[in-house]
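Some notes on the structure that comes next.
The values are calculated or read from the model by the stated rules, or taken from the named source; none is laboratory data. Computed from a prediction, not measured in an experiment: that's the story for all the values here. Note that each Cβ is placed from the backbone with ideal geometry, even for glycine, and that neighbours are counted across all protein chains shown. Note: areas computed on protein heavy atoms with side chains; ligands, DNA, RNA excluded. Shrake-Rupley method; radii C 1.70, N 1.55, O 1.52, S 1.80 Å.
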Amino acid sequence: MSKRILPLLIVALTLTACAAGGQPTMAPRLIPPASLTTLPPERLPEPASNHLDDLVENHVISAGLYHLARERLKGLVEWIEKTNKELRGDE
């Protein structure tokens, strides 16, 4: 009879130890700066007319929006890498 109780007692104590572990550690909530998460416009602006001046102006505006979105993405990637290093303690 005691040979059956010992394994059951070992299993019960092991399971009790697992259930009595410490509290889970909460990960820090990381919120990037709003300037890096602003979405670009859904659609690019349309040229006012088919005249060359309007087309050039529209191209400059569209290129500016592209470069702004590119800089935001670059800044967001840099922020993520910097935050990751700080959390790991690499700095």
| remark: Restricting attention to the range 46-73, the residues that are open to solvent by 50 Å² or more (accessible area, probe 1.4 Å) and not aliphatic (A, V, I, L, M) number exactly 11
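Residues checked against (1) touching a strand residue (DSSP E or B) at 6+ places or on another chain (Cβ under 9 Å); (2) more than 30 Å from R29 (Cβ to Cβ); (3) of a type outside the set (G, A, S):
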position	(1), (2), (3)
A48	no, yes, no
H51	no, yes, yes
Y66	no, yes, yes
L73	no, no, yes
E81	no, no, yes
R88	no, no, yes
| said: Tell me yes or no: at least one residue of the range 27-44 is assigned to a helix (DSSP H, G or I), more than 26 Å from E78 (Cβ to Cβ) and either open to solvent by 80 Å² or more (accessible area, probe 1.4 Å) or among the aromatic types (F, W, Y) (or both). | reply: no
